[in-house]
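In what follows, a structure is listed as C-alpha cells, so that the remarks can point back to it.
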Amino acid sequence: MTAKPQTPLLDRIAGPADMRHLSDPDLKRLAGELRAEVIHAVSQTGGHLGAGLGVVELTVALHAVFDTPRDRLIWDVSHQSYPHKVLTGRRDRMLTIRQKDGLSGFTKRSESPYDPFGAAHSSTSISAALGFAVARDLGGAPDPALGDAIAVIGDGAMSAGMAFEALNNAGHMGKRLIVILNDNEMSIAPPVGAMSAYLSRLYAGAPFQEFKALAKGAVSFLPPPFQEGARRAKELLKGLAVGGTLFGELGFSYVGPIDGHDLDQLLPVLRTVHDRATGPVLIHVITKKGKGYAPAEGAPDKGHGVGKFDVATGEQAKAKSNAPSYTSVFARALIEHAANDDKVVAVTAAMPDGTGLNLFAERYPSRCFDVGIAEQHGVTFCAGLAAGGMKPFCAIYSTFLQRGYDQVVHDVAIQRLPVRFAIDRAGLVGADGATHAGAFDIAFLANLPGFVVMAAADEAELVHMVATAVAYDDGPIAFRFPRGEGTGVTMPERGVPLEIGKGRMIRQGSGVAILSFGTRLSEVETACESLAAQGITPTIADARFAKPLDRELILALARDHEALITIEEGAIGGFGSHVAQLLAEEGVFDGGLKFRSMVLPDTFIDQASPADMYAMAGLNAADIERKVLDVAGAGTPE
C-alpha cells in the first residue's frame, strides 16, 4: 500500500475558516500537501483524478478569499470537487468516496453545507449561481445570510447552450455574480468547436505573458501603471487588450486569462474581485488537468476516471475481464456495418471514449462527429443527417439523452426520422450513483408514437440490435445496453436484423411466466435454477422490444399461465406499464391472471456497486425468486 503523504499544514485545517489566517506562502504549501492528499486518496479508491488535480490552487484560493459556506461555491459537473471535499471537513471520509454509504463523487446538498448545489451533469452552475444571487438580493435564506455566488465552470461545459443562456440572463440582470471559467483545454475528451478556438486565441502569445507579469505583483486589482481612474480600470476589466469581447458583450466584466496554478496571480485577483465587484464578473483561469502528477498529465483523458493505482508508477489495478464490454461490442458492430454502408455515421456529445466511438473515429474519421457537451444540438444534428439521407447513430448515455428530450420529440419523433439511438449506461451504473443511472429512457421513449425501443439481454443480442437499427428506415429506433462487461455468451459472426416487435422464448415451463426486457435475463435464469430445485419451472421469455410489443407472445403467455411477471431495468411507466395496458385492453385480467411488474423503485438510489444497487432495487435473482414464489402461492424461501 502506498505510504500516506506527510501533510503537517493540511492536518491543521478542519475547515475553510482555518485557511483564512494563513499567509500566502503557507497557502502555497497547503496546495502542495492537498495535491498529495488527493493523489493518495484516489489511488486507494479510484475515481475522478485529473479534474481535481487541475483545480487544487484554485480551490485553496477560493476558500481562502471567500467566506464559504455563506458565500456559495458552485462547482459545475463537480467531478473536480475532491480537493474541495478535503478542505471542507470530509477528509476523514475520502476513502469512502463513490462507495456504498460513502461520500458522493460529486457535490451533494445533503452531504455538506459547503455543497450548496448538487451536480454531476454539466453546464448548470451559472444558472444556479444566478438563482442564489437573486435570492440573496430578495432576502432569501436569512440563516446564514446569503453572500456571494461563485460558479466554477470548465471550458468544455461552456460549450453547452444552457451556459450561454445563463450568461445572457445574468449579464442582462446585472447582479453581482462571479463566474470562474476554468479553461483546461479539455472536458472529458478534447474540446471541439468555435468556443474552444476562441478561448485558445485569448491566451495565445504575448498578451497572456504580459498579464502574468502584471498580476504577479498586484496587491490591488490594478498594477500601478494602470491606476489611472475608472475608465482605464473598466477597460482592463473587459479584457486587458486580450479579447474578452464576447463576455463583455454579454454584460460581464472580463478578467484574464490568468495562470490557475499560480497563487501569486489567483489570490490578488480574487481578493480584489471580492472587494470591488458590483456586477457580473468572469475570471478566465488557465489550468491543466492532472497538474502535478505526471501519469495523469500524460494520460489521453488526463486521468478523468481511474481505478485504484500505484502512486509511484500510475499503473492502475484493473480486474481481468471475462467478456468484452457492451460498449466495445456496440462500437465494433457499428464499424463492421459502416464498412459495408457508407451512409452509416456516428454522433456523440463529448463522450467518444465512453460510447466507444473513438474506435469508430479511428476507422472513419470523416463519418464520426463529436458535437461537444451539446446533446440538444446532437439530437437535432442527427435529425438533419437522417433527413438528408444518412443513417445516423446518436450514441449518448441514457442520463445525458434526457437533456435532449424535446429534440427527440419535436425534431425526430414527430417527423418520423430514422435516427438510431444507441443508449449506453442503461440501468444502474454503480459508483456514479443516481445522477448517472439510466432509469427513465424506456418510459420517455416508449411513450412516443412511431418509436421502436429495444433492450439487449446480452452482448450477442446487442450485435443483432445494431444490425436491426442499420436496416430500419421507417422511423426512429433505439436500443439500450448497460455499462460494464457482457455475460460471456458465444458471439455471432455477424449481426442479423431482428423482426421488429418480436420477442423470443428462452425456456418453456408452466404456472408462472417471466417476461424479461434487458439484461436482467441472466438473473431470471439464475432464479429459475433455484426454483427448479423446489419443483417450480417458470416459462422464460425475452421481450427484446418494449415498443412495438410482441402481442402474440404476451397474450400467449397470459393465456397459458396463471401468473405473468415482467422485469426491466427501468422506472415505473416503462415496459411493464405497456404490457399491463395491452392486457387490460384485451380483457385478460377478467380471467383472473395474476400480473406483477418488477421495475426500479420510485426513489433515487445512491452509489454502490451495481450488484448492491440492484439488491436495493429488488431486482436481483433472489428478489425474482421471491416474486415467483409469492404469485405461485408457494411461500417465501429462507
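The values are calculated or read from the model by the stated rules, or taken from the named source; none is laboratory data. Because the structure is predicted, anything quoted here is derived from the model rather than measured. Cβ sites come from the backbone with ideal geometry, for glycine too, and all protein chains shown count toward neighbours.
Starting from residues that are polar (S, T, N, Q), buried (at least 17 other Cβ atoms within 10 Å of the Cβ) and farther than 15 Å from SER577 by Cβ, keep the ones in region 587-620 and report whichever is modelled with the highest pLDDT. Steps first, please.
Applying the first criterion (polar (S, T, N, Q)) to region 587-620 yields 597, 603, 607, 609, 620.
With buried (at least 17 other Cβ atoms within 10 Å of the Cβ) added as a condition, the list becomes 597, 607, 620.
Next, from what is left, pick out any that are farther than 15 Å from SER577 by Cβ: 607, 620.
On the way: GLN607: 88, ASN620: 95.
Result: ASN620.
Conditions: (1) within 20 Å of VAL329 (Cα to Cα); (2) out of contact with any Ser or Thr (no Cβ under 8 Å at 6 or more places or on another chain); (3) crowded, with 24+ Cβ neighbours inside 10 Å. HIS464 meets all but one. Number of the miss?
(3)
Report yes if some residue within region 122-132 is crowded, with 19+ Cβ neighbours inside 10 Å, touching a Ser or Thr at 6+ places or on another chain (Cβ under 6 Å) and not in a helix (DSSP H, G or I); otherwise report no.
For region 122-132, residues crowded, with 19+ Cβ neighbours inside 10 Å, touching a Ser or Thr at 6+ places or on another chain (Cβ under 6 Å) and not in a helix (DSSP H, G or I): absent.
Tell me which residues, restricted to region 336-372, are touching a Gly at 6+ places or on another chain (Cβ under 9 Å) and part of a helix (DSSP H, G or I).
GLU336, HIS337
From the list GLY102, GLY89, pick out the single residue that is part of a helix (DSSP H, G or I) and surrounded by fewer than 19 Cβ atoms within 10 Å (Cβ to Cβ).
Numbers: GLY102 fails: part of a helix (DSSP H, G or I).
Selected residue: GLY89, the only one of GLY102, GLY89 that is part of a helix (DSSP H, G or I) and surrounded by fewer than 19 Cβ atoms within 10 Å (Cβ to Cβ).
How many residues, within region 453-463, are under 25 Å from the mean Cα position of the chain (by Cα) and under 19 Å from LEU515 (Cβ atoms)?
Matching residues across region 453-463 total 6.
Checking MET158 against (1) buried (at least 20 other Cβ atoms within 10 Å of the Cβ); (2) assigned to a loop (DSSP other than H, G, I, E, B); (3) of a type outside the set (S, T, N, Q); (4) at pLDDT below 90, only one condition comes out false. Which one?
Checking MET158 against (1) buried (at least 20 other Cβ atoms within 10 Å of the Cβ); (2) assigned to a loop (DSSP other than H, G, I, E, B); (3) of a type outside the set (S, T, N, Q); (4) at pLDDT below 90, the one that fails is (2).
Only residues that are in contact (Cβ under 8 Å) with a residue 60 or more places away in the chain, more than 18 Å from THR468 (Cα to Cα) and crowded, with 24+ Cβ neighbours inside 10 Å: list them for region 400-424, please.
PHE400, VAL408, VAL412
Keeping to region 244-270, report how many residues are of a type in the set (S, T, N, Q) and within 14 Å of LYS28 (Cα to Cα). So that I can check it myself, show each step before the final result.
To start, the set of residues in region 244-270 that are of a type in the set (S, T, N, Q) comprises 245, 253, 265.
Next, from what is left, pick out any that are within 14 Å of LYS28 (Cα to Cα): 265.
The number of residues fulfilling the criteria is 1.
Residues are listed down the side, and each one gets a yes or a no for (1) under 24 Å from ALA160 (Cβ atoms); (2) charged (D, E, K, R); (3) surrounded by fewer than 24 Cβ atoms within 10 Å (Cβ to Cβ):
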site	(1), (2), (3)
SER321	no, no, yes
ARG332	no, yes, yes
VAL344	no, no, yes
LEU359	no, no, yes
CYS394	yes, no, no
